Amino acid sequence: MATQHSRSAARLMLAPAVILLLGWMLVPLIMTLYFSFKNYLPLRGGDLGWAGFENYTRFVTSSSFWPSVATTLIIVGGVLFITVILGIFLAILLNQPMWGQGIVRILVIAPFFVMPTVSALVWKNMFMDPNYGLLAYLWEFFGATPVEWLSKASMPSIITIVSWQWLPFATLILLTAIQSLDSEQLEAAEMDGASATKRFAYITLPHLGRAITVVILIQTIFLLSIFAEIFVTTGGAFGTKTLSYLIFQRVLESQNVGLGSAGGVYAIILANIVAVFLMRIVGKNLDA
Amino acid sequence: MARAVTPQRKIINTAAAWAVGLAIFFPILWTILTSFKTEAQAIADPPIFLGFDWTLENYKVVMERSDYAKYLWNSIIIAGGSTLLGVIIAVPAAWSMAFVPSRRTKDILMWMLSTKMLPAVGVLYPIYLLFIKLGILDSQIGLVIVLMLINLPIIVWMLYTYFKEIPGEILEAARMDGATLKEEVIYILTPMAVPGIASTILLNVILAWNEAFWTLNLTAAKAAPLTAFIASYSSPEGLFYAKLSAASTMAIAPILILGWFSQKQLVSGLTFGAVK
């Protein structure tokens, strides 16, 4: 249907978006790559020449590298585990007939709209503070000693905060997927005597497979780079320094740009590995 | 669901769902309640849920101190500006891909999506440096540009998905009647696309409003939005729970309300159409 004229017009209309994104991708990427091969300390002498692969080897051999990788994986894994399991449970619960479904949905989704700095600070102070936090009162009420959450149980605390933020996302997507499940199929299975567990395992769960994969991939991409939650709670202390936080510290706090850039390249590679899987799923959907 | 449900079953469902819903919402509810307490009541032992002297004092204090209005204004400009600019750039792009697709359309879409996955921290210093060189560090325009760029893929994708659903026959009919490309866009497509554009704007205002990596790292005193204002409470002095709550409530209230309107579009928007 398209004429030659409208084709060239279409290309012209596409150009600004493509050029901008191309610039946004390539310019910083090339700069990061360039810096990663440099000995570059803006506050201590500036550009001190080429470093070869030294930054890359130094970044991975530094004593904080492996712990930061472990921290990142534990946070991502922990949050995924909690949000997917609870998300499935919540999606099934919210899909049941009930009164006030719309309102419950609104309540469940709410945390997703809270800005990360707010949720981190509210949790840190009003819930996890060992003196005045609500959890401290709760612990005292049951005769237990209040826990210094963010210093003594820092990882579970961060995972809790981040899970609270992302549970609505998982729930919403799984709920959308579950609503497209053919209820006749479930009824037929029920009539044939399949138990609730069996119906869940053989009908509901396989139906949710794709949505679960999408939730995992999208959350992974966002979780790999969580920042504000750590920035305002522990500042990377008490074993909560993730890979992105470590890079942030190298670049902005200690102003070792070469080293931080090498770390950045590692982070980009890591994110790309996850991205490839996500793109495959999204791409498949484009053909349909 | 077509299945008949017993009343007991429905009551149990309702009770369970409300209990879980309220539990998840509780931190927000608690923040809102605390914002109306005095500082002493905010840390009272045992905690007071409703039986406190409701006061608007905290809101007054927060508004008066620290140019709250300035942070709010920055948030509005940055979230609104980046979204509008993004939409202006994305509408033609999404239009052309949806109605004049070529062999490469799919690749272009996928590539746009891939730029979204670039970890921000990986390119933090280059952007920081460029901003200093261009003199736009800690400026509204700088953040408008960055947030526009990070959300542009989502905007293009959402619009593309919506435009795809507009039937092509209508456009052909318009063309037969002699409509030019410009008229076609202005008089036919735009009115039909308004709902899609509106939800795209909504979702992206939310994302930009809450963005907390670039807004924290690229601003200082001048262009800092509410995310940074709230973060300044991370090392406070004295009693501050009630004030923190008031500031938080003001920062999240507009977005909570917008968010509740956008929940339907949220799913396809955030999964790039992979879940509908």
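A single member of A:Leu73, A:Leu80 is out of contact with any Ser or Thr (no Cβ under 8 Å at 6 or more places or on another chain) and either surrounded by 22 or more Cβ atoms within 10 Å (Cβ to Cβ) or part of a helix (DSSP H, G or I) (or both), and it is A:Leu73.
Among the candidates B:Val91, B:Val87, B:Val61, single out the residue that is in contact (Cβ under 8 Å) with a residue 12 or more places away in the chain, surrounded by 14 or more Cβ atoms within 10 Å (Cβ to Cβ), within 30 Å of B:Gly168 (Cα to Cα) and more than 10 Å from chain A (Cβ to nearest Cβ). Reasoning before the result, please.
Details: B:Val91 fails: more than 10 Å from chain A (Cβ to nearest Cβ); B:Val61 fails: within 30 Å of B:Gly168 (Cα to Cα).
That would be B:Val87, the only listed residue that is in contact (Cβ under 8 Å) with a residue 12 or more places away in the chain, surrounded by 14 or more Cβ atoms within 10 Å (Cβ to Cβ), within 30 Å of B:Gly168 (Cα to Cα) and more than 10 Å from chain A (Cβ to nearest Cβ).
Restricting segment B:7-47 to residues that are over 28 Å from A:Leu93 (Cα atoms) and open to solvent by 40 Å² or more (accessible area, probe 1.4 Å), the residue that is nearest to the chain's Cα centre (by Cα) is B:Phe36.
If you go through segment A:179-204, how many residues are open to solvent by 60 Å² or more (accessible area, probe 1.4 Å) and aliphatic (A, V, I, L, M)? Result for segment A:179-204: 2. Scanning segment A:115-130 for residues that are open to solvent by 30 Å² or more (accessible area, probe 1.4 Å) and more than 8 Å from chain B (Cβ to nearest Cβ) yields A:Asp129, A:Pro130.
Summed over segment A:131-153, the residues that are open to solvent by less than 30 Å² (accessible area, probe 1.4 Å) and either touching a helix residue (DSSP H, G or I) at 6+ places or on another chain (Cβ under 7 Å) or of a type in the set (Val, Ile, Thr) (or both) give a count of 3.
Among the residues making up segment A:101-114, a single one is more than 7 Å from every other protein chain (Cβ to nearest Cβ) and either small (Gly, Ala, Ser) or closer than 19 Å to A:Asp182 by Cα (or both): A:Gly102. Sub-8 Å Cβ pairs linking a first residue in segment B:96-111 that is free of Cβ contacts under 8 Å to residues at least 60 places away in the same chain to a second residue that is outside any helix (DSSP H, G or I), at least 6 apart or interchain, are B:Val100/A:Ala2, ordered by first then second residue. When each of B:Leu72, B:Leu147, B:Leu118 is tested for being aliphatic (A, V, I, L, M), farther than 29 Å from B:Glu169 by Cα and in contact with an Asp or Glu (Cβ under 7 Å, 6 or more places away or on another chain), the lone residue that passes is B:Leu147.
Among the conditions (1) open to solvent by less than 40 Å² (accessible area, probe 1.4 Å); (2) outside the structural domain of B:Leu149 (by TED's automatic domain parsing), the only one that B:Ile257 does not satisfy is (1).
The residues on offer are A:Phe112, A:Phe89, and the sole one that is in contact with a Pro (Cβ under 9 Å, 6 or more places away or on another chain), open to solvent by 20 Å² or more (accessible area, probe 1.4 Å), over 18 Å from A:Ser154 (Cβ atoms) and part of a helix (DSSP H, G or I) is A:Phe112. Count of segment A:37-53 residues, restricted to those that are closer than 19 Å to A:Gln249 by Cβ and open to solvent by 20 Å² or more (accessible area, probe 1.4 Å), is 6. Filtered by the rule that a residue be closer than 30 Å to B:Tyr160 by Cα and open to solvent by 10 Å² or more (accessible area, probe 1.4 Å), segment B:213-238 gives a lone residue, B:Phe213. So, A:Lys284, is that one within 9 Å of chain B (Cβ to nearest Cβ) and either in a helix (DSSP H, G or I) or closer than 30 Å to A:Tyr34 by Cβ (or both) or not? For A:Lys284, the condition - within 9 Å of chain B (Cβ to nearest Cβ) and either in a helix (DSSP H, G or I) or closer than 30 Å to A:Tyr34 by Cβ (or both) - is met.
Selection over segment A:11-41 of residues that are β-branched (Val, Ile, Thr), within 8 Å of chain B (Cβ to nearest Cβ) and within 16 Å of B:Ile145 (Cβ to Cβ) gives a count of 1. Taking the conditions (1) facing chain B (nearest Cβ under 9 Å); (2) free of Cβ contacts under 8 Å to residues at least 40 places away in the same chain; (3) hydrophobic (A, V, I, L, M, F, W, C) in turn, A:Ile273 satisfies each one other than (1).
From A:Ala70, A:Ala110, A:Ala136, which residue is among the small types (Gly, Ala, Ser) and touching a residue at least 40 places away in the same chain (Cβ under 8 Å)? Exactly one of A:Ala70, A:Ala110, A:Ala136 is among the small types (Gly, Ala, Ser) and touching a residue at least 40 places away in the same chain (Cβ under 8 Å), namely A:Ala110. Residues in segment B:85-113 that are over 20 Å from the mean Cα position of the chain (by Cα) and of a type in the set (Gly, Ala, Ser): B:Ala93, B:Ala94, B:Ser96, B:Ala98, B:Ser102.
Only residues that are within 14 Å of the chain's Cα centre (by Cα), more than 7 Å from chain A (Cβ to nearest Cβ) and either more than 30 Å from B:Val267 (Cβ to Cβ) or among the aliphatic types (A, V, I, L, M) (or both) were counted across segment B:204-225, and they come to 3. Is there a residue in segment A:230-249 that is farther than 26 Å from A:Asn55 by Cα, surrounded by fewer than 21 Cβ atoms within 10 Å (Cβ to Cβ) and touching a Leu at 6+ places or on another chain (Cβ under 7 Å)? Checked segment A:230-249: no residue is farther than 26 Å from A:Asn55 by Cα, surrounded by fewer than 21 Cβ atoms within 10 Å (Cβ to Cβ) and touching a Leu at 6+ places or on another chain (Cβ under 7 Å).
Please work out if B:Thr190 is open to solvent by less than 10 Å² (accessible area, probe 1.4 Å) and more than 12 Å from chain A (Cβ to nearest Cβ). Spelling it out, it is not the case that B:Thr190 is open to solvent by less than 10 Å² (accessible area, probe 1.4 Å) and more than 12 Å from chain A (Cβ to nearest Cβ).
Within the span defined as segment A:165-178, every residue fails to be more than 9 Å from chain B (Cβ to nearest Cβ) and open to solvent by 40 Å² or more (accessible area, probe 1.4 Å).
So which of B:Leu109, B:Leu84 ends up being in contact with a helix residue (DSSP H, G or I) (Cβ under 7 Å, 6 or more places away or on another chain) and farther than 17 Å from A:Leu12 by Cβ?
Values: B:Leu84 fails: in contact with a helix residue (DSSP H, G or I) (Cβ under 7 Å, 6 or more places away or on another chain).
Matching residue, one of B:Leu109, B:Leu84: B:Leu109.
The values are calculated or read from the model by the stated rules, or taken from the named source; none is laboratory data. The shown structure was predicted, so the numbers you read here are calculated from the model rather than taken from an experiment. Here Cβ is always computed from backbone atoms with ideal geometry, including for glycine, and neighbour counts include all displayed protein chains. These accessible areas exclude ligands, DNA and RNA; they are computed on the full protein's heavy atoms, side chains included. Shrake-Rupley method; radii C 1.70, N 1.55, O 1.52, S 1.80 Å.
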